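Can you keep this structure in mind? I'll have questions shortly.
The values are calculated or read from the model by the stated rules, or taken from the named source; none is laboratory data. These numbers were taken from a predicted model, which means no experiment stands behind them. When we count neighbours, we look across all protein chains shown, and the Cβ atoms used for this are built from the backbone with ideal geometry, even at glycine. Side chains are part of the model used for accessible areas, which takes the heavy atoms of the whole protein and leaves out ligands, DNA and RNA. Shrake-Rupley method; radii C 1.70, N 1.55, O 1.52, S 1.80 Å.
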Amino acid sequence: MRFCYLLVSWLALLTVTPTNAQVLVTGNSAGQPYIVERVSSGSGVPWGMAFIAPHQLLVTRRAGDIVLVDTQSGQQRSIAGAPPVYASGQGGLLDVAVAPDFSPGGWIYFTYSKPVDGQGATTLARARLDSDRLVQWQELLVTRSRSDTSRHFGSRIAFDEAGFIFFTVGDRGVRPNGQDLANHAGTVLRLTLDGQVPADNPFTGRSDARQEIWSYGHRNPQGIAYDFSSKRLWVIEHGPRGGDEINLIQPGNNYGWPVISYGKEYWGPIAVGEGTARPGMEQPVKYYDPSIAPGSLIVYRGKAFPKWQGNLFSGALKLQHLNRVVIDGQGRAVEEERLLEGLGERIRGLVESPEGWIYFSTDSGHILRLRPDEPS
């Protein structure tokens, strides 16, 4: 009965018409007209976003604060209870996500760079929201990933249907970390929802490896998404100059960084690593040259844009657009489209709303949404 009540309540709320939104762009993709609206604005970089109710969007800002945005009115209210963060360079308060079966009062998951002895360690934690405050804060894993740099923390969160959570950790600007299983840097990690190591993780029982590791050989994966339809786990990551990658993640596999790469050094036209391929190391499904600097990833499964079903969307920071990639039945990238190039914004976070609209954040502090442009 409780499930039926919640479902009816959500469906009722979804019928409310948006108000107070400023139209910025109109366009068409795959024969589907769309409109882009500004929902809300604020200071700082809005990094992660998660819907905790049909029109309530929880937003983390990299500097360390959290706001709850009413997507109908655009009003924001501050949420207390965030932890201290190592807000330096690319570090700070990072992703926020909720499990597929989330209901009000449930666990909300966060990643952030925790200050430890003057450095930042990518950390997974969870808490509950009680009115305007986070309560029952629990650190699930403080990763062994610290370095003396302030870059390549990762870190995005995804869930599967079997009760596991995945999150990404960058190589922390130390290239050999990508091939070193003794730490968590440069990896995708997999845990149970309460932070335990699953018995079937690929490196469980190995004394020379961290038990939480699901895959390794990553540089700075700032997007991860699980496709519940195809049962595929996708990651998009920053490569060096001309080497950003989309990878299809399999347990225990090595994705090559820094031994193989399609990118070049920032300081000159010199290839990174020993080449683009090596036995025992995975090839990307797609790489970008020039780099787009991806900041997020979702698999679109909404009903608002039926022709986008199963497409991958990522926000592009450097090349400032919304990147759409069509994936075929064999998991191959067969088409790419770059949307909103004229918007002039570094697109950071992405989340699909309950009605199938795409909400995205920009480094200039805006929360925008892309929805169908319906005839008036």
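Apply the Karplus curve 6.51 cos²θ - 1.76 cosθ + 1.60, θ = phi - 60°, to the phi angles in the range 116-133 and return the couplings in whole Hz, x for Gly and Pro.
Once θ is set to phi - 60°, the couplings for the range 116-133 become 9, 6, x, 10, x, 10, 4, 9, 9, 9, 9, 7, 10, 9, 10, 6, 10, 9 Hz.
Let me cross-check V85: its accessible surface, 1.4 Å probe, with only protein heavy atoms counted, in Å² to the nearest 10?
Ignoring ligands and nucleic acids, V85 comes out at about 30 Å².
Only loop residues by DSSP count here, and only those with at most 12 other Cβ atoms within 10 Å; note down the trypsin sites (Lys or Arg not before Pro) in the range 176-234 that meet that.
Passing sites in the range 176-234 are R206, K231.
Right, here's the next one. Assuming a ≥ b ≥ c are the square roots of the Cα gyration tensor eigenvalues, decide whether the range 225-308 counts as rounded (a/c under 1.5), prolate (otherwise, with a/b larger than b/c) or oblate.
oblate
Give the relative contact order (percent, whole number) for the chain; include only Cα pairs under 8 Å separated by 6+ residues.
13 percent
Determine the share of the range 269-376's accessible area contributed by carbon and sulfur atoms, expressed in whole percent, with a 1.4 angstrom probe.
47 percent
With everything on Cα atoms, drop me the angle between helix 2-14 and the longest principal axis of the chain, reported from 0 to 90° to the nearest 10.
70 degrees
Which net charge results when you count Lys and Arg as +1 and Asp and Glu as -1 among the other residues whose beta-carbon is under 10 Å from that of P290?
0
At 1.4 Å probe size, with the rest of the protein present, what percent of the exposed accessible area of the range 36-132 is carbon and sulfur atoms?
44 percent
If you average the alpha carbon positions of the range 176-203 and of the range 105-133, how far apart do those two centres end up, in angstrom?
18 Å
Taking 8 Å as the Cα distance limit and 6 or more residues as the minimum spacing, I'd like the relative contact order of the range 260-337 as a percentage.
19 percent
If each of V23 and V142 carries a label point 7 Å out from its Cα toward its Cβ, how far apart are those two points in nm?
5.2 nm
A further question on this structure: For the range 61-123, count all C-alpha to C-alpha pairs, find those more than 15 Å apart, and express that count as a whole percent of the total.
59 percent
Please list, ordered by chain and number, the residues whose modelled amide H lies under 5 Å from the amide H of S29; skip anything fewer than 5 residues away on the same chain.
Amide H neighbours of S29, under 5 Å, 5+ apart: Y34.
How would Y34, Y262 line up by accessible area, probe 1.4 Å, largest first?
Ranked from most to least accessible, the order is Y262, Y34.
So, one more: Per residue, what accessible area does the chain have, given a 1.4 Å probe and all protein chains present, in Å²?
Solvent-accessible surface per residue comes out at 40 Å².
Next question, about the same structure. Please turn the phi angles of the range 47-64 into ³J(HN,Hα) values with the Karplus equation 6.51 cos²θ - 1.76 cosθ + 1.60 (θ = phi - 60°), one per residue in order, whole Hz, x for glycine and proline.
3J(HN,Hα) across the range 47-64, in whole Hz: 8, x, 9, 8, 7, 10, 6, x, 10, 10, 10, 7, 10, 9, 10, 4, 5, x.
Follow-up question, since we're still on this one. What spacing in nm lies between the two simple spin-label points modelled at A182 and D373, each 7 Å away from Cα in the Cβ direction?
The answer from the label model is 5.7 nm.
Run the quick spin-label model on R206 and V334: label points 7 Å from Cα toward the beta carbon, then report their separation in nm to one decimal.
3.5 nm
Here's something else I'd like to know. Based on alpha-carbon atoms only, what is the radius of gyration of the range 135-247 relative to the globular estimate 2.2 N^0.38 Å?
1.04
Oh, and also: Note down the accessible area of V98, probe 1.4 Å, to the nearest 10 Å².
V98 has an accessible surface of roughly 30 Å² with all protein chains in place.
What's the longest piece of the chain with no exposed GluC sites (Glu not before Pro), counting a site as exposed if DSSP puts it in a loop and it has at most 12 other beta carbons within 10 Å?
Result, exposed sites excluded: 1-160.
Quick one: grab the alpha carbon gyration tensor of the range 305-363, order the square roots of its eigenvalues as a ≥ b ≥ c, and give me rounded if a/c is under 1.5, else prolate or oblate depending on whether a/b is larger than b/c.
Judged from the Cα gyration tensor, the range 305-363 comes out oblate (a/c at least 1.5, b/c at or above a/b).
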